[in-house]
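A.B. asks: Got a structure here, written out as structure tokens. Questions coming.
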Amino acid sequence: FFIFGLTFFCIFILLFYKLLTILQCNIDFWEFILVSLLQIAHMLLNVLKYIIIAQIILSWLINFNILNIHQPLINQIWRGINQVLEPLYGPIRRRMPYTGAIDFAPLIVFIAILALQIIIRNNIGNFY
């Protein structure tokens with residue numbers, strides 16, 4: 001399926017490039033692709049930012065016994081969010097000193113996401 005999807009994507013890109021050359025547009029094809037990829041990366045970072053916020057709020061609700069982790073829906077949501085975010089948190093937690101009950105990994109990842117978004121936002125204008 002991935003090979004078919006990748007092939008379909010390549011054919012779509014080539015057809016779009018051919019359409020631009022036929023119409024003789026002044027848009028540079030590779031600049032268009034790069035701007036699109038940067039916008040997609042910015043959008044994915046926004047989604048990741050909201051997942052981190054949801055995980056933080058959910059952990060507070062679980063720790064204050066407002067939500068019960070033994071409920072199947074809450075357990076599935078909690079495990080799913082942790083499986084998405086643990087590859088980001090794990091390396092940071094291994095390098096940080098032990099801070100007790102306070103986990104600074106989400107804060108560091110959140111700040112890194114904000115920094116990446118600033119970098120993307122400031123540099124995307126160079127391609128227009």
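A.B. asks: Go over the candidates Gly5, Gly90 one by one and state the one that is modelled with pLDDT of 90 or more, assigned to a helix (DSSP H, G or I) and not basic (Lys, Arg).
C.D. replies: Result of the check over Gly5, Gly90: Gly90.
A.B. asks: Now, a different point. Could you please tell me which pairs satisfy a Cβ distance under 6 Å, a separation of 6+ or placement on different chains, a first residue in region 107-121 that is surrounded by 15 or more Cβ atoms within 10 Å (Cβ to Cβ), and a second residue that is basic (Lys, Arg)?
C.D. replies: Matching pairs, first to second residue: Ile113/Lys49.
A.B. asks: OK, next. Filter region 27-62 for residues that are closer than 21 Å to Val109 by Cα and open to solvent by 80 Å² or more (accessible area, probe 1.4 Å) and give the result.
C.D. replies: Answer for region 27-62, where residues must be closer than 21 Å to Val109 by Cα and open to solvent by 80 Å² or more (accessible area, probe 1.4 Å): Gln39, Ile40, Met43, Leu44, Tyr50, Ile57, Trp60.
A.B. asks: Ok, one more. Collect the residues in region 92-106 that are among the β-branched types (Val, Ile, Thr) and exposed (fewer than 14 other Cβ atoms within 10 Å of the Cβ), keeping them in residue-number order.
C.D. replies: Thr99, Ile102
A.B. asks: Which condition number in (1) open to solvent by 90 Å² or more (accessible area, probe 1.4 Å); (2) modelled with pLDDT of 90 or more; (3) part of a helix (DSSP H, G or I); (4) not basic (Lys, Arg) is the one that Leu85 fails?
C.D. replies: (1)
A.B. asks: Examine region 48-69 for a residue that is touching a Pro at 6+ places or on another chain (Cβ under 8 Å) and touching a residue at least 60 places away in the same chain (Cβ under 8 Å), and state whether such a residue exists.
C.D. replies: yes
A.B. asks: Can you work out which of the residues in region 63-82 that are of a type in the set (Val, Ile, Thr) and not in a helix (DSSP H, G or I) is most open to solvent (accessible area, probe 1.4 Å)?
C.D. replies: Of everything passing the filter in region 63-82, Ile66 is most open to solvent (accessible area, probe 1.4 Å).
A.B. asks: Exactly one of these conditions fails for Asp103: (1) in contact with a Lys or Arg (Cβ under 8 Å, 6 or more places away or on another chain); (2) touching a residue at least 60 places away in the same chain (Cβ under 8 Å). Give me its number.
C.D. replies: (2)
The values are calculated or read from the model by the stated rules, or taken from the named source; none is laboratory data. Keep in mind the model is a prediction, meaning the values are calculated, not measured. So basically every Cβ, Gly included, is an ideal-geometry build from the backbone, and we count neighbours across all protein chains shown. The protein model used for the area step is the full one, side chains on, heavy atoms only, and it has no ligands, DNA or RNA in it. Shrake-Rupley method; radii C 1.70, N 1.55, O 1.52, S 1.80 Å.
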